[in-house]
Amino acid sequence: MAAIRSIVSGTGSYLPEKILTNKNMEEMVDTSDEWIIERTGIKQRHIAADDQVTSDLAVNAANNALDAAGMTADDIDLIVVATSSADQTFPSTATTVQRKLGITRGAAFDVQAVCSGFVYALTTADNFIKAGQAQNVLVIGAEIFSRLLDWEDRTTCVLFGDGAGAVVLSAKEGEGNNDDQGILASRIHSDGRYNEMLYVDGGVASTGTIGHLRMRGREVFRHAVKNLASVVGEVLGDTEMTSDDVDWIVPHQANKRILDGTARKLKIAPEKVVVTVDKHANTSAASIPLALDIAVRDGRITRGDVLILEAMGGGFTWGACLLRW
Ligand code: UT7
């Protein structure tokens, strides 16, 4: 039976110029290149310039995605920005992106699901497309986490970086089966009982300050592998596929050990996992679209491939999308 599918018609990304290596971090806190690489796989991270705001990163990524899709801003009727480091408390970063792209029609809003933000945003955009309410959606993950970090806390400041990634998601008619191009299944979850495992200790209605990121890393790690393997199992089950059908996992990039542990649990070969955490560190909602754009542009991901995008983050929130490229 014919079905409307959401296909990715273009990808783009943007990384700020400035790079902080682990050696640079050694000069800032009591850490070592060896510890960071062994525990996380991270070698460096990009840091936004003082005069850049999150929407600037988002617009650069969005323009690259529009070019790749062969579209202009006029083709876009919805913008969804996943971010936890908005330019301002309000308006949404998405409406600022809309203004900077010169778009005056449609709608724009932010999605806040921390590191799972891109999977939440993609799922939301997919539902707008399937409902017939949007044709071409800019789905963006953009973060300047460097401004949320306590640069004296070695347990968190070495882990994160800044960046943005974007896709243009477009409506296309399919047959309603697994051979269709586009998103074939998506699942999102949250469990607010775990708020205090990963949070920012400030906010408009609590302290009136921006606050700093706080994390109980070991507990987050433990939940991450379990929840990610479980939600990937759900999208495979929804499509009656198995891990053998998967060509690429494009995971949220928090820690190389989480990527390895999840792939092992799912019995997916490590060569099928797109890894960027070494170069980008954890860019929260930006990490999946950044990794996706890199693997598309270097030719690894090709038409017809089955991809799984998966993420877990503060809230806790977690989710996965299964799509055919
Ligand atoms: O994106 C959202 C999801 N976020 C995540 O998924 C992050 C999940 N968590 C992790 O990736 C890991 O738990 C971390 C990388 C944060 C930490 O690795 P770990 O192997 O769980 O280390 P740990 O927290 O158990 O700490 C081990 C030791 C501690 O010292 P003691 O107490 O054993 O003496 C820490 O104080 O390592 C110490 N430590 C450091 N040492 C050098 C913590 N941070 C550092 C550091 N440099 N930067």
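The values are calculated or read from the model by the stated rules, or taken from the named source; none is laboratory data. No experiment lies behind these values; they were computed from the predicted model shown. Ideal geometry is used to build each Cβ from the backbone, glycine not excepted, and the neighbour counts take in all protein chains shown. When the accessible area is computed, the model is the full protein with side chains, heavy atoms only, and any ligands, DNA or RNA have been set aside. Shrake-Rupley method; radii C 1.70, N 1.55, O 1.52, S 1.80 Å.
Here is how the numbers come out for the structure above:
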item: Yes/no for ARG264 being open to solvent by 10 Å² or more (accessible area, probe 1.4 Å), outside the structural domain of GLY117 (by TED's automatic domain parsing), more than 15 Å from the ligand (Cβ to nearest atom) and in contact with a helix residue (DSSP H, G or I) (Cβ under 9 Å, 6 or more places away or on another chain); result: yes
item: Selection within the stretch 37-52 - within 10 Å of the ligand (Cβ to nearest atom) and either more than 22 Å from the chain's Cα centre (by Cα) or not assigned by TED's automatic domain parsing to the domain that holds GLY161 (or both); result: GLU38
item: Odd one out for VAL250, checked against (1) open to solvent by 40 Å² or more (accessible area, probe 1.4 Å); (2) closer than 20 Å to LEU159 by Cβ; (3) not aromatic (Phe, Trp, Tyr); result: (1)
item: Residues of the stretch 204-224 classified as over 20 Å from ARG154 (Cβ atoms), near the ligand (Cβ under 10 Å from one of its atoms) and surrounded by fewer than 20 Cβ atoms within 10 Å (Cβ to Cβ), total; result: 2
item: Considering residues of the stretch 109-143 that are closer than 14 Å to ALA311 by Cα and among the small types (Gly, Ala, Ser) only, the residue surrounded by the fewest Cβ atoms within 10 Å (Cβ to Cβ); result: ALA113
item: Residue satisfying condition, being modelled with pLDDT of 95 or more, open to solvent by 10 Å² or more (accessible area, probe 1.4 Å), on the phi < 0 side of the Ramachandran plot and not assigned by TED's automatic domain parsing to the domain that holds ASN63, within set VAL277, VAL273; result: VAL273
item: Qualifying residue in the stretch 81-102 (condition: surrounded by fewer than 14 Cβ atoms within 10 Å (Cβ to Cβ) and either more than 23 Å from the chain's Cα centre (by Cα) or at pLDDT below 95 (or both)); result: yes
item: First in the stretch 15-31 and assigned by TED's automatic domain parsing to the domain that holds VAL59, second anywhere and basic (Lys, Arg) and within 10 Å of the ligand (Cβ to nearest atom), Cβ under 6 Å, 6 or more apart; result: VAL29/ARG154; ASP30/ARG154; THR31/ARG154
item: Conditions (1) within 11 Å of the ligand (Cβ to nearest atom); (2) under 20 Å from PRO270 (Cα atoms); (3) in contact with an Asp or Glu (Cβ under 9 Å, 6 or more places away or on another chain); (4) hydrophobic (A, V, I, L, M, F, W, C); number of the one not met by MET197; result: (2)
item: Residue match in the stretch 81-91 (condition: away from the ligand (no atom under 16 Å from the Cβ), in contact with a helix residue (DSSP H, G or I) (Cβ under 8 Å, 6 or more places away or on another chain) and small (Gly, Ala, Ser)); result: yes
item: Entirely in the stretch 209-325, the helices (runs of 4 or more DSSP H) that have 3 or more residues that are among the hydrophobic types (A, V, I, L, M, F, W, C); result: 217-238, 256-266, 287-297
